Structure formats: C-alpha cells, structure tokens
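Every number in this text was worked out from the coordinates using simple rules, so none of it is lab data. As the structure is a computational prediction, the values presented were derived from the model and not from experiment. Note: ideal-geometry Cβ built from the backbone for every residue, glycine included; neighbour counts use all protein chains shown.
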Amino acid sequence: MQSIWCVVPAAGKGTRVGGPLPKQYLPIAGRSLLDLTLERLASHPAIAGLVVTLAAGDPHWPGISSLAGKPVLTADGGSERYDSVLAGLDALPGAVGADDFVLVHDAARPCVRHADISRLVERAGQVEGGLLGAPLRDTLKRSDSLGCSQETEPRDGRWRAFTPQMFRRQALIQALRQARADGVVVSDEAMAMERAGYRPLLVEGAEDNLKVTTPADFALAEFILSRTS
C-alpha cells in the first residue's frame with residue numbers, strides 16, 4: 001500500500017455546538033475531538049504524516065509534532081474550507097509531488113475505520129481519486145418554507161459524502177483555486193473536483209463515520225469509538 005499524507009482542516013469554530021471552546025477541542029471520554037481524529041489517522045499504516053490547518057494564533061493547539069512516530073505539521077487556515085485545505089496542501093513536504101495522492105479528512109470525524117481508509121487508498125488510487133461515502137437509504141423529503149413535507153425525492157444514485165477524500169495534490173490545488181476564483185464555496189473537495197471535470201470514485205464506507213456536529217453527537221461518537229478501530 002502506498003504511503004500518503006493527510007491534510008486535516010481544523011480552523012473552524014463549530015458554532016452549532018456552542019460553548020467557550022471551538023468544537024474540535026471539546027472532550028470525548030476525556031480527550032479532545034481533534035486528538036482522537038489525529039490519533040486514528042496517524043495509526044493507519046498508509047498515512048505518512050499529517051498537516052493540520054489551524055486558526056491563526058490558535059491558543060488551544062497542544063503543539064503536537066509527531067504521532068505514532070509520524071510527523072505532524074501545522075499551517076494557518078482560513079475562513080472557508082478551501083482556504084484551509086489549500087494552506088495544508090501548500091504546507092506539505094517537498095517530497096510530496098504534484099501527481100502524488102493526498103488525503104483530506106474532517107477534524108470532526110474521529111470514528112473513521114482503518115479498513116475504510118485502506119479501501120479508499122487502494123481503489124481511488126487506481127483512478128483519479130475518490131471519497132468515502134454511503135448510499136442514501138432513508139426516504140428523502142423536500143420541505144417547504146414552513147418546514148412541512150412538500151414532496152418525496154428519488155434516492156436512487158444519491159450518496160452521503162464522508163471523508164477522507166483522496167486526490168492528486170496539484171489537481172486538487174487547481175480545482176480549489178478555481179472554485180475560490182469563481183466565488184463558489186465548495187462543501188467538500190469532491191465538489192471542487194467535479195467542477196473541474198473529474199468524476200471522483202465513490203467508495204462505500206461504514207455509516208458510523210460520524211461527523212460530530214451537535215452536542216448529542218459527542219455521546220454517539222464516544223459509543224462508536226468504544227466499539228471500533
């Protein structure tokens with residue numbers, strides 16, 4: 001399996017959770033959400049190192065420089081996701097070439113499974129990149145302005161998008177820069193690549209690859225982490 005670096009954007013404030021700390025520093029079972037995510041990534045054998053993008057002057061960053069014997073670098077992120085990811089891509093070591101694949105993973109996804117990372121690296125590395133996700137299985141409704149169900153949407157071919165997402169370094173840089181220049185705020189890296197004409201491979205992963213967003217998600221993530229690796 002190839003060795004690959006991972007960018008972890010962690011410059012956001014996570015306002016939906018509330019509280020005095022940014023979401024990524026709130027505790028799960030006595031450890032911060034960000035610590036747990038970084039540890040899960042660093043312990044995967046395919047990941048060579050991590051670049052964490054932080055808010056400028058972040059006073060909460062614990063100064064981690066290595067995990068599991070692998071380097072942890074930092075860079076200043078920005079107000080939008082693509083700003084932070086671009087900063088991380090620029091901060092990668094010079095040994096990471098323009099055509100080398102790079103992972104991008106949400107700081108708020110501590111439950112990603114090693115087997116899913118392995119599957120993504122293996123399968124997306126055979127094409128021009130891809131992302132973890134899961135086919136939509138619930139019935140999908142469209143609401144009106146009053147919050148009432150207006151109609152049922154087809155779910156065929158619909159997926160929930162997860163991370164990590166994996167693309168070649170320079171292709172991703174160009175796609176994100178173009179989205180920024182066009183004034184399009186992309187919700188993930190795959191959206192930027194789609195705009196650039198790519199068709200990212202959807203690799204099915206475990207649905208418990210939870211993005212911790214609300215206060216209730218912290219308890220759920222703690223439960224998942226106690227039962228997975």
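Okay, here's what the table says:
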quantity	calculated
Kyte-Doolittle mean at least 0.0 and Cα axial length at least 20 Å: DSSP H helices in the chain	none
Sorted largest first, extent of the stretch 4-225 alpha carbons per principal axis (Å)	51, 41, 35
Stretchable slack from T214 to C148, in nm (0.36 nm times residue separation minus alpha-carbon distance)	21.5 nm
For the stretch 26-83, alpha-carbon Rg relative to the globular expectation (2.2 N^0.38 Å, N residues)	1.17
Alpha-carbon Rg/Rh ratio, for the stretch 1-99, with Rh computed the Kirkwood way	0.97
Chain lengthening between V127 and R31 when straightened (0.36 nm per residue, less Cα-Cα)	30.9 nm
Nearest-20 debye value, the chain charge dipole, Cβ charges on Lys, Arg, Asp, Glu	200 debye
For V72, V186, order by how many other beta-carbon atoms lie within 10 Å, fewest first	V72, V186
Within the chain, helix-based [θ] at 222 nm, where runs of 4 or more DSSP H residues each add -39,500 (n - 2.57), nearest 500	-8000 deg cm²/dmol
